[in-house]
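Take this structure, written in structure tokens, and hold onto it; I'll ask about it next.
Every number in this text was worked out from the coordinates using simple rules, so none of it is lab data. Treat the numbers as computed from the prediction; the structure is a model and nothing was measured. Here the Cβ is made from the backbone with ideal geometry for all residues, glycine too, and neighbour counts use every protein chain on show.
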Amino acid sequence: MIKRILSGMRPTGKLHLGNLQGALKNWVDLQNDGCHDCFYFVADWHALTSDYSTPDQIRENSLDMVIDWLSVGLDPEKSTLFVQSAVKEHAELYLLLGMITPLSWLERNPTYKEMREELTGKDLSTYGFLGYPVLQAADIIIYKGQGVPVGVDQLPHVELTREIARRFNFLYREIFPVPDPLLTEVPKLLGIDGRKMSKSYGNSIYICDEGDELKTKVSSMFTDPQRMRRKDPGNPDICNVYSFHQLYTEEGEVAQIAVDCRTAGIGCTDCKKRLYERMLLAMSPIHERRNHFCSHLDDVREIIERGNRKAAAVAKATMEEVRDAVKI
Ligand code: TRP
Ligand code: SF4
């Protein structure tokens, strides 16, 4: 049985290797395993819930993000790639779900509390921000999504979606499947300074980093801090360069690097040079596709428009059922 999968990303601009290893690889695998009908979208309305006062980048970022998606292997012939705000039915379902969602469910949402505390520079005491998970629930159930590939940080939102879907089915009639979160084991990728890879820390290696840019970033990566001199033995287990080798280098060579590191048989400069070569090899088909799409922006826009139409057809059909159920 083919399962309907749905996931979205806010358009934060160019994506980094953490996004690639954490989410996109999984999206591509689900697309290619033959068991899933995948809908992936740009959550541009969600971007406005926190960045309503600085919307200038949203359009550009949305296009940029879809280019990254295509570059890493999302295929518009297999997956439906679209933009949330192009399918107005999400907004209609969001409104209707707002009628049946108890305020207490939203107020106790841990992600909501956390983000309000974290994003101190922004005034997030808005109706839209509180309603963030209701919009997310609409995004998911309007496609009758059965699985939602997300990171652990999104679990509370998927849990709320499940509760909202159940409540709708109970109050009116069984229209919506109760979706399951699809968590994947993701290797935690650190940034070049050893902290969590994050756009806001300025420590990211981006999917689009090519040649010298990639080289400079790899060569400035933090290593085992105890290893001061070339002749000191190192500890690969606490070295970020080594974690990257585990992703990009063949197993046998990785094992050899570990031995050589511990015996000071290899220096960090050489070790990084080898990593850079491996990463370049792995990334070059992605870069090639990226450069192709960047010089064919009209094709990208056309891909998005086709995805929008496909998504809208599904969303419209669901909304017929929903309006009938709520007698509107
Ligand atoms: N909240 C998600 C994030 O910040 C983005 C998102 C919006 C989403 N709607 C969704 C994810 C529906 C999965 C399903 O990453
Ligand atoms: Fe890290 Fe490689 Fe240096 Fe060892 S040799 S500390 S694995 S960079």
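Which of the lysines could a cross-linker bridge to LYS144, judged by Cα under 21 Å and excluding same-chain residues fewer than eight apart?
LYS3, LYS78, LYS88, LYS310, LYS316, LYS327
Using alpha carbon centroids, what distance separates region 133-173 and region 188-236, in Å?
Using only Cα atoms to place each centre, the spacing works out to 38 Å.
Can you spot the lysines whose alpha carbon is less than 20 Å from LYS199's alpha carbon? Ignore those fewer than 8 places along the same chain.
Partners found: LYS14, LYS25, LYS122, LYS188, LYS215, LYS217.
Hey, another quick one. Translational diffusion coefficient, Stokes-Einstein: compute it for region 72-178 using the Kirkwood radius over C-alpha pairs as Rh, at 37 °C and 0.692 mPa s, and state it as an integer in µm² s⁻¹. Write out the running numbers ahead of the final one.
On the way: Rh = 15.0 Å.
Rounded, D is 219 µm²/s.
For the chain, what is the mean residue ellipticity at 222 nm derived from helices alone (per DSSP H run of n ≥ 4: -39500 (n - 2.57); sum divided by total residues; nearest 500 deg cm²/dmol)? Present the calculation step by step, with values, prior to reporting the outcome.
Values: 14 runs with 173 residues, N = 328.
Calculated mean residue ellipticity at 222 nm is -16500 deg cm²/dmol.
For region 223-264, run through the GluC sites (Glu not before Pro) and keep only the ones in DSSP coil with at most 12 other Cβ atoms within 10 Å of their Cβ.
When the GluC sites (Glu not before Pro) of region 223-264 are filtered for loop state and at most 12 Cβ neighbours within 10 Å, GLU250 remain.
In a GNM of the chain with a 10 Å cut-off on Cα contacts, which of ARG227, ARG162, ARG278 has the highest mean-square fluctuation?
Comparing ARG227, ARG162, ARG278 in the GNM, the peak value goes to ARG227.
Determine one quarter of the surface area of the Cα convex hull of the chain, which equals its mean projected area, and express it in nm² to one decimal. Each step should come with its number before you reach the end.
Numbers: hull surface 73.3 nm².
Across all orientations, the chain yields a mean hull projection of 18.3 nm².
How would you rank 237-249, 184-196, highest first, on the average number of other Cβ atoms within 10 Å across their residues? Before the final figure, lay out the partial values.
Working: 237-249: 18.5, 184-196: 14.5.
Listed from highest to lowest mean packing, they are 237-249, 184-196.
Within a Cβ distance under 14 Å of PHE170, other residues only, what is the Lys/Arg minus Asp/Glu net charge?
Working: positive: ARG162, ARG166, ARG167, ARG173; negative: GLU163, GLU174.
Around PHE170, the charge tally is +2.
Beyond 19 Å, what share of the Cα-Cα pairs of region 209-291 remains, rounded to the nearest whole percent? Spell out each step's value before the answer.
Numbers: 1194 of 3403 pairs.
Tail of P(r) above 19 Å: 35 percent of Cα pairs.
Kirkwood hydrodynamic radius, computed over distinct alpha-carbon pairs, for region 1-107: how many Å, to one decimal?
Values: mean 1/r = 0.0659 Å⁻¹.
Here the Kirkwood hydrodynamic radius works out to 15.2 Å.
Put +1 on the Cβ of every Lys and Arg and -1 on every Asp and Glu Cβ in the chain; which of PRO236, GLY202, THR318 then has its Cα farthest towards the positive end of the dipole?
So the residue furthest toward the plus end is PRO236.
Now for a separate question. Could you calculate, for region 190-328, the ratio of the Cα radius of gyration to the Kirkwood radius, expressed as Rg to Rh? Spell out each step's value before the answer.
Numbers: Rg = 22.8 Å, Rh = 18.3 Å.
The Rg/Rh ratio comes out at 1.24.
Here is a further query. Give, in nm to one decimal, the length gained when the segment between TRP105 and ASN235 is fully stretched (0.36 nm per residue of separation minus the Cα-Cα distance).
On the way: separation 130, 0.36 × 130 = 46.80 nm, distance 4.68 nm.
Length gained between TRP105 and ASN235: 42.1 nm.
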